[in-house]
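Below is one structure, written out as C-alpha cells; comments come after it.
The values are calculated or read from the model by the stated rules, or taken from the named source; none is laboratory data. Computed from a predicted structure; not experimentally measured. With ideal geometry, Cβ positions are generated from the backbone for all residues, glycine too; neighbour counts draw on all protein chains shown. Accessible surface areas use protein heavy atoms only, side chains included; no ligands, DNA or RNA. Shrake-Rupley method; radii C 1.70, N 1.55, O 1.52, S 1.80 Å.
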Amino acid sequence: MSDISTDVLIIGTGPAGSATGALLSSYGIKNMAINRYRWLAHTPRAHITNQRTMEVLRDLGRDVEDEAYLFAAHQDLMGENVFCTSLTGEEIGRMKSWGTSPHSKAEHLLSSPTLMNDLPQTFMEPLLFKTACSRGTQARLSTEYVSHVQDDEGVTTTCLDRLTGKEFTVRSKYLIGADGSNSRVAEHAGLTYGGKMGLGGSINILFKADLSKYVAHRPSVLYWVVQPGADVGGIGMGLVRMVRPWNEWLIVWGYDINKPAPDVDTAFATKVVRDLVGDQELEVEIEQVSTWTVNNMYAENVSNGRVYCMGDAIHRHPPSNGLGSNTSIQDAFNLAWKLAYVLKGNAGEKLLDSYQAERAPVAKQIVTRANKSIEEFGPIFKALGLLDSIDPVKMQSNMDARCDPNEAGEAQRRAIREAIAGKVYEFDAHGVEMNQRYKSGAIQTDGQPEPAFEEDAELHFQQTTWPGARVPHAWVYSTDGGKVSTLDLTGHGKFTVLTGLRGQDWVAAAATVGKELGIEIAVHIIGPRQKWQDLAGDWARSSEIEENGAVLVRPDHHVAWRAREMPGNPEAELRRALKDVLALA
Ligand code: FDA
C-alpha cells in the first residue's frame, strides 16, 4: 500500500514539469510534482521565449501570458546581435535577430497573437509553478525521486523526503520524468539515446554591472566578443548575454573539454568580464560561476509503459537557437491533454503512443539544429582569418586586414558579411520554432498530400490547416469591437471545429458526437452576423477549406482532421475522425 496516491506524478518542477502540472491541473487532472531542491531555478538559464511557447502560456490564460510579458525584456530590446572585439572595442558586424528585422517582424506578427520575448528561467519557472499549484497541483519541494516500478495498472515511485531523510511511496497511474538532463527516471525506464554528451566545455559567469553606456544604443540579448588568443584553441570567443537590461549579465566562456572543469575563482571571473567588456576599471559584482558541457543527445524512445519523459530528459543540447525550455514546455503541451483524455476515459491508451511519434522527431531536430548552429560560427572565424594560425599576433593582423582599402580587404569584408548573415539559422529561425507538423495516429490526413514548404522551412513558418500542423493564426472580429485569434477559439483542453457560414450542420454533428464520446466539442462559425467575423479575410485565406468545410483542432492547437467541404454525412465523418484520433476505434 503506497503512502500517497495521485493520477500523475511529475518528477521535476523545471519548465517541463511545471508546465505539465499547470496544464493537467487546468484540465482537472489530479497530479503531484516533486523537486529535489527547496526552490526553483536560482540562475537565469533559458531565456529566449518563442511565440509557440507564448501560445501555450496564452492557452493557460491571458493572466499567465500577461505576467510573462510583465517580467520579460520586450522583443524590441532583443535583436541587434553584435559581433565585436569587446563592448568598448570595434564592432565587426551585427545582424537583426529574434524577429526584429522588418521582414521577420512582419512574419512574426502574421503568425501568432503572441510576441517573442526574453524571459529568464528565474521568472518563467515561478510563473508556471505558481499556475500549477494554484490550480491544484500538489507540489513537494526538497523531495527526491529514488526509483520506480510499474505494473499493468500504475506506477509505484519511491521518493526521499530530504528534510526528514525518510522514504515514502507514491502510487500513480502515470509517471512523468521531467527531471532534466541527468534524468534518473529516463535511465530507470531504460530510454535509449542517439548522439553524444560532453562535446565542449563552457563556464557561466553571472554578474551585475551597469553596461548601459556600451549597449543601450544597440539593444540585444547577445553580444559576441572575439579576442584572438584569449582562450581555448586560440580563437577566444566569449558571449555576453543580457539577463536584465542593462545591469545583470551572464558571460559564457569556453574551457578545454579534454581537461577537468576549471575551478573558477572571483578574480578569474572578474578578469574575463573586464576583458570582454573592455573596461579594466569596471565595477563588477560576481554573483555565481558554474561550468557545463555542450551535449548532442536525443532520446530515440521517449516513454516506456506508463512512464513518459520530457524536456532535457529527452533532448540535451547547447543553448544555441534558445530552444531548451521552449521545447520542454511544448513537450508538456503535447502530452498533457492526451493524459487528461485517457485518464477521464475519453480516449484509448493508444492515444499516448502519439507522444513518441510526434515529439521524438522534434527532440532529434532541435538537438541537431542547436549543435549545427555552433558549427556555423566557423565561417565567421574563417572570414576573420582566425583559422589560419594559432599565433595571436598573426590572428590579430588577419582580422585587421578587413579594414584594408584594397580588393583583398573588400573580399574579406564581403566574406564577413555573408558569414554573419548565415547565422540567421541560429538567431532568426522562425521555422525551427514554429513549423512542427505531426504525423501520428492522433492525426487523420485522409491521404491529403502534405503542402511543400515554399521557402526555407528552418527560417520561415508556413501556416496550413494540413492535419498535423498548428492551426493558422488569423484575427477574427466581434461586432462590439473585440478581436481574438483563431488560436484563442481553440485549445483550452477541448476539441474545436472551425467552419464558415455554410457550415451550420457541423453544430448538430459536433453536439451529437460530443455527447456520444462524452467530450465537449466547441464549434465556431466564422462569418457575417456571427459572434466572430472574418472582416479582414485572413481566415478565408488561410483555412484551405470551403465555407461549409471544417477544421477539427486538437486541444494543443494542432489540426486533427479537416473536411474541405460538407460531406454527405458530417456526423458520421466527424465521429470516424475523432474515434480514430482518440484511439477509440
Ligand atoms: P530542468 O533541468 O530545468 O528541471 C529539472 C527539474 O527536475 C528540476 O526541478 C530539478 O530539481 C528536478 N530534479 C532532477 N532530478 C531530480 C530527482 N532525482 N528528484 C526530484 N527532482 C529532480 N537553455 C536555453 O535555451 N538557453 C540558455 O541560455 C540556457 N542556459 C542554461 C544554463 C545552465 C547552467 C543550465 C543548467 C541550463 C541552461 N539551459 C539553457 C537549458 C535549459 O535550462 C533547459 O533546457 C530547461 O531548463 C529544461 O527544462 P526541464 O524542465 O526539462 O529540466
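Couple of notes before you dig in:
- The residues in region 19-37 that are near the ligand (Cβ under 10 Å from one of its atoms) and part of a loop (DSSP other than H, G, I, E, B) can be counted, and the count is 3.
- Only residues that are out of contact with any Ser or Thr (no Cβ under 7 Å at 6 or more places or on another chain), under 21 Å from LEU24 (Cα atoms) and either within 14 Å of the ligand (Cβ to nearest atom) or open to solvent by less than 70 Å² (accessible area, probe 1.4 Å) (or both) were counted across region 151-185, and they come to 4.
- Put simply, of GLY194, GLY229 the only residue that is small (Gly, Ala, Ser), away from the ligand (no atom under 16 Å from the Cβ) and touching an Asp or Glu at 6+ places or on another chain (Cβ under 6 Å) is GLY194.
- Here region 39-48 is the region considered, the condition is being assigned to a loop (DSSP other than H, G, I, E, B) and either near the ligand (Cβ under 8 Å from one of its atoms) or open to solvent by less than 10 Å² (accessible area, probe 1.4 Å) (or both), and the residue that is farthest from GLN121 (Cα to Cα) is LEU40.
- Within region 88-139, the only residue that satisfies the criterion of being within 13 Å of the ligand (Cβ to nearest atom), touching a strand residue (DSSP E or B) at 6+ places or on another chain (Cβ under 8 Å) and open to solvent by 30 Å² or more (accessible area, probe 1.4 Å) is ALA139.
- Qualifying residues in region 348-359 (those that are open to solvent by 10 Å² or more (accessible area, probe 1.4 Å) and in a helix (DSSP H, G or I)) - the one nearest to SER328 (Cα to Cα): GLN356
- So LEU211, is it among the aliphatic types (A, V, I, L, M), open to solvent by 10 Å² or more (accessible area, probe 1.4 Å) and modelled with pLDDT of 95 or more: no
- Looking at ARG502, ARG541, just one residue is farther than 25 Å from ARG437 by Cα, at pLDDT 95 or above and out of contact with any helix residue (DSSP H, G or I) (no Cβ under 7 Å at 6 or more places or on another chain), and that residue is ARG502.
- Residue pairs whose Cβ atoms lie under 6 Å apart, separated by 6 or more positions or on different chains, with the first residue in region 27-51 and among the charged types (D, E, K, R) and the second open to solvent by less than 100 Å² (accessible area, probe 1.4 Å) and more than 6 Å from the ligand (Cβ to nearest atom), are LYS30/THR6; LYS30/ASP7; ARG38/LEU141; ARG38/SER142.
- The requirement of being of a type in the set (S, T, N, Q), assigned by TED's automatic domain parsing to the domain that holds ILE329, in contact (Cβ under 8 Å) with a residue 60 or more places away in the chain and near the ligand (Cβ under 9 Å from one of its atoms) is not satisfied by SER142.
- Considering GLY385, GLY324, GLY311, GLY305, the condition of being assigned by TED's automatic domain parsing to the domain that holds ARG417 and either more than 15 Å from the ligand (Cβ to nearest atom) or at pLDDT 95 or above (or both) is satisfied by GLY385 alone.
- Of the residues ALA442, ALA408, ALA429, ALA419, the single one that is under 30 Å from LEU582 (Cα atoms) and either touching a helix residue (DSSP H, G or I) at 6+ places or on another chain (Cβ under 7 Å) or open to solvent by 60 Å² or more (accessible area, probe 1.4 Å) (or both) is ALA442.
- Residue count for region 524-544, restricted to those that are buried (at least 21 other Cβ atoms within 10 Å of the Cβ) and farther than 13 Å from SER478 by Cβ: 2
- Residues satisfying the stated conditions in region 484-507, i.e. in a strand (DSSP E or B) and within 15 Å of ARG564 (Cα to Cα): VAL497, LEU498, THR499, GLY500
- Residues of region 49-76 that turn out to be open to solvent by 10 Å² or more (accessible area, probe 1.4 Å) and within 15 Å of the ligand (Cβ to nearest atom), as a count: 2
- Considering only residues in region 329-344 that are of a type in the set (Gly, Ala, Ser) and under 11 Å from GLY21 (Cα atoms), the one that is farthest from the ligand (Cβ to nearest atom) turns out to be ALA336.
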